[in-house]
Structures are given as C-alpha cells and as structure tokens.
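Worksheet: the structure to be examined is printed underneath.
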Amino acid sequence: MRTISNWFGFGSSIVGIVDGLILSTIADTRRFQHTLKTFILVSLIGCLCGIVWFELCVHSLFYDKHILSFAAVTIGLSTAIAGLFSGAATPLIYEALAEIMFPLPESLSESILVQWINIISLIFLFVAPNRDKLVNFLVLVVGVSCIVMVVLTRFTYRRRDEDERQRVEKEQNQAAKENNTSLRINVTINEQSYGTFD
C-alpha cells in the first residue's frame, strides 16, 4: 500500500504542476487580468472537494468506518483532484500576494508566504506524527480557512494596472518616434525634389 500511496502523491504533484502552468498562463491574458480572486476561489473549492472526497474514503476523527469506497481508484482520483486544484491555486496565490503588496518588491511578499508555508509544515510534522486521522482533519481545516481568507481579502490590481499603463505609454512613444522619423524622411525627400540641397 505504501508504494501505491507514493504513486498517488507523485501523480497528484505532476497534475498540479501542469494545471498550475496552464491556469496561470490563462490568468495572465488580458481578458482575465482582474479575475485572480475568482480563479483562486474556484481552485481552492475544487481542492476542498477533493479533500472531502478523500476524507470520506478513509477513517476520520468523526467516524471509524469509511463512508465511500476504500478502493485504490477512488483514493487515487480524490488525491489527483486535490492536487490538480491545489497546483492551480499555488501560482495564482503568489501572483495575488504580489498584487496586494505592490509597490513593495515581489521578493518580499513571496518570501513571507514561503516562510509561513514552512512554519505550518513544521507544525504539522511535530503536532501530528503517526496520527493520520488528525493530519487529515487539519488539512480539511486549512482548506476551509484558506477559502475564508480569500473571500475576506480585498484584491487590488495596482501592479497590473501600472504595467499596462507603462506598456501603453511605451507603445505611444514608439508610435510618436516612428511618426517623427517618417516626417523627417518626407521633409528630406521634399527638399531634395525641390532642389534646396546643394
């Protein structure tokens, strides 16, 4: 069973990485520039559904028997769904934190988040060694609390708006340069055709 659970973890990680790349690419398009909160909420709710499905397939703090089938397929699918949506939410959360903390540097907000992830992971390791029921419950509690925190957070998009303003300003400057260059070429051609050059 240990080998199978290792493969479940591996598959869940790979699915999460691929989905994180896909969803973060979609979130960076112009059409979805101001929808980070929606994407994060959908991802976290999907992850919570996978966690609840997993909880119903194994023994829990609340009941000694599993409610749903304990088959390897159901546990594998539930961990894959949890990994899929968790992996999708991860890069979006980093991006949202950089947006919220703008104009502070992105490295500061990301390092704070990584430190909190490490602290929570250490707490999990020391609080619940060999207590799988407790760890499963704590993962469920963390999933719900993440959704609540995202709902209560006010998202600002000042960084994206500033990037967009700079991009438009750069395009306008380039267009103005091209107009000035073509105007100079036209003036030079006109002067040559009228014989004002020696």
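The values are calculated or read from the model by the stated rules, or taken from the named source; none is laboratory data. Since the model is a prediction, treat every value here as computed from it, not as a measurement. Cβ atoms come from the backbone with ideal geometry, glycine included; neighbour counts cover every protein chain shown.
Things to note:
- Exactly one residue among 42, 15, 58 is in the same structural domain as residue 95 (by TED's automatic domain parsing), of a type outside the set (Lys, Arg) and in contact with a Lys or Arg (Cβ under 9 Å, 6 or more places away or on another chain), and that residue is 58.
- Breaking point among (1) at pLDDT below 85; (2) surrounded by fewer than 17 Cβ atoms within 10 Å (Cβ to Cβ), for residue 112: (1)
- Subset tally (residues that are of a type in the set (Ser, Thr, Tyr), at pLDDT 85 or above and surrounded by fewer than 21 Cβ atoms within 10 Å (Cβ to Cβ)) for region 37-85: 1
- Residues of region 1-34 that turn out to be buried (at least 16 other Cβ atoms within 10 Å of the Cβ) and hydroxyl-bearing (Ser, Thr, Tyr), as a count: 2
- Residues that are closer than 30 Å to residue 162 by Cα and buried (at least 17 other Cβ atoms within 10 Å of the Cβ) are absent from region 130-137.
- Lone unmet requirement of (1) modelled with pLDDT of 85 or more; (2) exposed (fewer than 15 other Cβ atoms within 10 Å of the Cβ) for residue 127: (1)
- Selection of first residues in region 138-149 that are without any contact (Cβ under 8 Å) to a residue 24 or more places away in the chain and more than 13 Å from residue 50 (Cβ to Cβ) and of second residues that are of a type outside the set (Phe, Trp, Tyr) and assigned to a helix (DSSP H, G or I), restricted to Cβ pairs under 8 Å at least 6 apart or on distinct chains, gives the following pairs, ordered by first then second residue: 138/127; 142/120.
- Every residue from region 113-166 that is part of a helix (DSSP H, G or I) and of a type in the set (Ser, Thr, Tyr): 121, 145
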